[in-house]
Amino acid sequence: MKRTISIRKMEDRIRNSPKGTIFLTSDFTDLASSDAANRALLRLEEAGLIRRILFGVYEYPDYNAFLDEYAEPSPDAVAHALARKFGWTIVPCGDTALNRLGLSSQVSAVWLYVSDGTYKEYTYGKTVIRFKRTTNKEISKISYKTALVIQAVKALGKENITDEIKNKIASTTTDEEKAKMFAEAKYATSWIYDVIKEICGGAR
């Protein structure tokens, strides 16, 4: 009876979540033991409620009626679920950072992240998620938006930073984010900090 109740509660939690949500076993350990949660997730997968993306990583899939197929899992959501699983802090880097900030429409098969964890690479379908370790000062104790902008500016390179790019980043950054960025980015490489100061308009 207890196991049946646990599965029902897990199912309710999944159904009450937005489509495309990524789940880990640890998301249900308040309802059941890890072993019981794993078994329940396997049963819910067999029932077609969720689908397994990677070992221990499941998605509540989003069905696209127009295309008559399930949407592909969000690589960014999967990456953040993996980070949650291992207790890592991660931030998109390279082309992935540019994509997340709307500075590039290019969709790469490889999604890149810097991390305070170990180097890891995961593949599902045609998607590759790659984590590479970086120094803590680039991602720790600063806001996600600040870290993301630092990685995007670094990916573009000093010679490729234009007024258009600075204005585009500024237009998608709130005043509160700019104030944080202005304060937090002072430990970044000097030329990156100079760019961020211009993006923030000297916010204090």
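Quick rundown of the values:
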| item | result |
| --- | --- |
| Residue in segment 118-134 that is farther than 18 Å from residue 55 by Cβ, free of Cβ contacts under 8 Å to residues at least 60 places away in the same chain and of a type in the set (Gly, Ala, Ser) present | no |
| Any hit, segment 138-154, residues being modelled with pLDDT under 95 and acidic (Asp, Glu) | yes |
| Qualifying helices (runs of 4 or more DSSP H) (wholly inside segment 161-204; at least 1 residues being surrounded by fewer than 12 Cβ atoms within 10 Å (Cβ to Cβ) and within 24 Å of the chain's Cα centre (by Cα)) | 163-171, 175-184 |
| Hits in segment 1-26 - residues which are part of a loop (DSSP other than H, G, I, E, B), more than 18 Å from the chain's Cα centre (by Cα) and modelled with pLDDT of 90 or more | 16 |
| Every pair of residues 6+ apart whose Cβ atoms lie under 9 Å, when the first sits in segment 99-115 and is among the hydroxyl-bearing types (Ser, Thr, Tyr) while the second is surrounded by 12 or more Cβ atoms within 10 Å (Cβ to Cβ) and in a loop (DSSP other than H, G, I, E, B) | 113/88; 113/93; 115/88; 115/89; 115/134; 115/139 |
| Positions within segment 64-98 being touching a residue at least 60 places away in the same chain (Cβ under 8 Å) and assigned to a loop (DSSP other than H, G, I, E, B), in sequence order | 93 |
| In segment 27-37, the residues that are over 25 Å from residue 70 (Cα atoms), outside any loop (DSSP other than H, G, I, E, B) and among the small types (Gly, Ala, Ser) | 34, 36 |
| Criterion: of a type outside the set (Asp, Glu), in a helix (DSSP H, G or I) and outside the structural domain of residue 57 (by TED's automatic domain parsing) - qualifying residue of 142, 150 | 150 |
| Qualifying position, being in a strand (DSSP E or B), among the aromatic types (Phe, Trp, Tyr) and outside the structural domain of residue 169 (by TED's automatic domain parsing), among 122, 58 | 58 |
| Qualifying residue in segment 25-36 (condition: assigned by TED's automatic domain parsing to the domain that holds residue 130, without any contact (Cβ under 8 Å) to a residue 12 or more places away in the chain and surrounded by 12 or more Cβ atoms within 10 Å (Cβ to Cβ)) | no |
| Every residue from segment 44-55 that is among the β-branched types (Val, Ile, Thr) and part of a loop (DSSP other than H, G, I, E, B) | 50 |
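The values are calculated or read from the model by the stated rules, or taken from the named source; none is laboratory data. What you are looking at is a predicted structure, and each value in this text was computed from that prediction instead of being measured. Neighbour counts are summed over all protein chains in view; Cβ atoms, including those assigned to glycine, are modelled from backbone coordinates with ideal geometry.
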